[in-house]
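To start, the structure itself, in structure tokens.
The values are calculated or read from the model by the stated rules, or taken from the named source; none is laboratory data. All values derive from a computational prediction rather than experimental measurement. Because the Cβ atoms are built from the backbone with ideal geometry, glycine has one as well, and the counts that use them run over all protein chains shown. We work out accessible area using only protein heavy atoms, side chains counted, and drop any ligands, DNA or RNA first. Shrake-Rupley method; radii C 1.70, N 1.55, O 1.52, S 1.80 Å.
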Amino acid sequence: MRLGLFTVLYPELDLESLVGMAQRLGCTALELSALPGRGLRHFDPVEIECSPSARERFQTVLKQKNMVISQLNCSCNPVSPDAEQARQAHEAFELAFRLAEKLGVHTVGSFSGCPAGCAGDRTPNWITCPWPPEYLQMLKWQWEERLIPFWTWAAERAAQFGVTQLAIEMHPGFCVYNPETLLHLREAVGPAIGANLDPSHLVWQGIDIPEAIRTLKGAIWHVHAKDVHVEAANVRRNGVLDTKHYSHALERAWTFRTAGDGMTEQTWKQMIAALRLAGYDGTLSLEHEDLLLSRQEGAERAAAFLRRLIPQEQPEKLWWA
């Protein structure tokens, strides 16, 4: 298992500076955004895909520094009812698949997306309960008419470029937001569908992370190292669903934190152990969205915390067995 960095944290750094930063944090993997127009100095997906010379320079730097790419991130709403957004998302996936083939990357990550509630609606509609009965009809329409068709296309298209893993981040607000919905999509589409496991989106829903990992065994393609603090007093008053802006941390039910500042260290240890037992030996990709820490302090604290917890060597044989 290795420590990685989701590089959107440092959009202003050029490639050499970005790799140097990742090394200082103890990272040996980079998660790169394949969305065009993000303004990342170190990675322009269009240029890298279209220019052999730019791509060669990029790959040379990574090889010299023993840095690998953990996944290409294409986070968007690919089933948006907004026709222009849907078109841009479709093009972004096409770009990500072409780019993955040229860079030798087999994992592309995204959200499942959330469509409208029915044909003709203009905004996404996240269904969270089965009543009134129209909600179940809407949910059925979303999955059968939008979600499953898109991801079936994505899996087939990805395979043409050697992308075998579509890592979906389970995120409330989208149709796939917990292990059950992830596995439902995987059953409908096929084994290319798996999880980009981000514990920060699951904990506040009341999901036990080690149990979720056991449930998803064999279908975890990537992991985000991000934390969350649940404010128990606010949950007792108002529950976990919360639409207040993230800046209103005192009043919110939960708030994103840097790794180690939300869940206990013991929970993180149990999470890493569960990942290893489930056969995951990939990347823990640092993602920072903690409003209490600067991005640099947040990255450094998270990296130092996780370096202590990630085993550095493979275990020996069971000498006592």
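Residue by residue through region 192-198, which ³J(HN,Hα) values in whole Hz follow from phi under the Karplus form 6.51 cos²θ - 1.76 cosθ + 1.60 (θ = phi - 60°), with glycine and proline marked x?
Computed from phi, the couplings for region 192-198 are 5, 6, x, 9, 9, 6, 10 Hz.
Once you charge only the Cβ atoms, +1 for Lys and Arg and -1 for Asp and Glu, what is the size of the charge dipole of the chain about its Cα centre, to the nearest 20 debye? Spell out each step's value before the answer.
Numbers: 31 positive and 38 negative charges, 121 e Å.
In debye, rounded to 20, the chain gives about 580.
Run the accessible area of region 229-321 with a 1.4 Å probe and give the carbon-and-sulfur part as a rounded percent.
54
Through the Karplus equation 6.51 cos²θ - 1.76 cosθ + 1.60, θ set to phi - 60°, convert the phi angles of region 17-31 into ³J(HN,Hα) values in whole Hz; use x for Gly and Pro.
5, 5, 5, x, 4, 4, 5, 5, 7, x, 8, 10, 9, 10, 9
Say R0 is 35 Å: what FRET efficiency, to the nearest 0.05, do residue 180 and residue 83 get from their beta-carbon distance?
0.70
If ligands, DNA and RNA are left out, what is the accessible area of residue 90 with a 1.4 Å probe, given in Å² to the nearest 10?
70
Once phi is turned into θ = phi - 60°, what whole-Hz ³J(HN,Hα) does the Karplus curve with 6.51, -1.76 and 1.60 give for every residue of region 277-294, x standing for Gly and Pro?
Once θ is set to phi - 60°, the couplings for region 277-294 become 5, 7, x, 8, 10, x, 9, 9, 9, 5, 10, 10, 9, 8, 6, 8, 10, 5 Hz.
Could you tell me which residue out of 126, 90, 149 lies farthest along the dipole of region 85-159 toward its positive end? Charges go on the beta carbon: Lys and Arg +1, Asp and Glu -1, centred on the Cα centre.
90
I want to check the label-to-label distance for residue 59 and residue 90. Put each point 7 Å from Cα in the C-beta direction and report it in nm to one decimal.
In this crude label model, residue 59 to residue 90 measures out at 3.0 nm.
Where the centre of each part is set by its Cα atoms, how far does region 254-321 sit from region 106-185, in angstrom?
Computed from Cα coordinates, the inter-centre distance equals 28 Å.
Say the dipole of the chain comes from +1 at the beta carbon of Lys and Arg and -1 at that of Asp and Glu; which of 111, 196, 303 then lies farthest toward its positive end?
303
First check a/c for region 84-218, with a ≥ b ≥ c the square roots of the eigenvalues of its C-alpha gyration tensor; if it is under 1.5, answer rounded, and if not, answer prolate when a/b is larger than b/c or oblate otherwise.
oblate
Label-point separation (nm) for residue 241 and residue 314, each offset 7 Å from Cα along Cα-to-Cβ?
The modelled label-to-label distance comes out at 4.8 nm.
Could you give the dipole magnitude of region 7-147 about its Cα centre, charging the beta-carbon of Lys and Arg +1 and that of Asp and Glu -1, in debye to the nearest 20?
420
For region 96-149, which whole percent of the accessible surface, found with a 1.4 angstrom probe, sits on carbon and sulfur atoms?
So the carbon and sulfur contribution to the accessible surface is 57 percent.
For residue 33, which sequence-distant residues (separation of 5 or more, or a different chain) have an amide H within less than 5 Å of its own amide H, given hydrogens modelled in the peptide plane?
Long-range HN contacts for residue 33: 7, 8, 73.
Please work out the average accessible area per residue across the chain, using the 1.4 Å probe convention, and give it in Å².
With all protein chains present, the chain gives 48 Å² per residue.
Please name which of 23, 232, 8 has its Cα lying farthest along the dipole of the chain towards the positive end, using unit charges on Cβ (Lys, Arg +1; Asp, Glu -1) and the Cα centre as origin.
Among 23, 232, 8, the one farthest towards the positive end of the dipole of the chain is 23.
Among the aspartates and glutamates, select those whose C-alpha is under 18 Å from the C-alpha of residue 65, and discard any that sit fewer than 8 residues away in the same chain.
Here the aspartates and glutamates satisfying the reach criterion relative to residue 65 are 14, 16, 31, 56.
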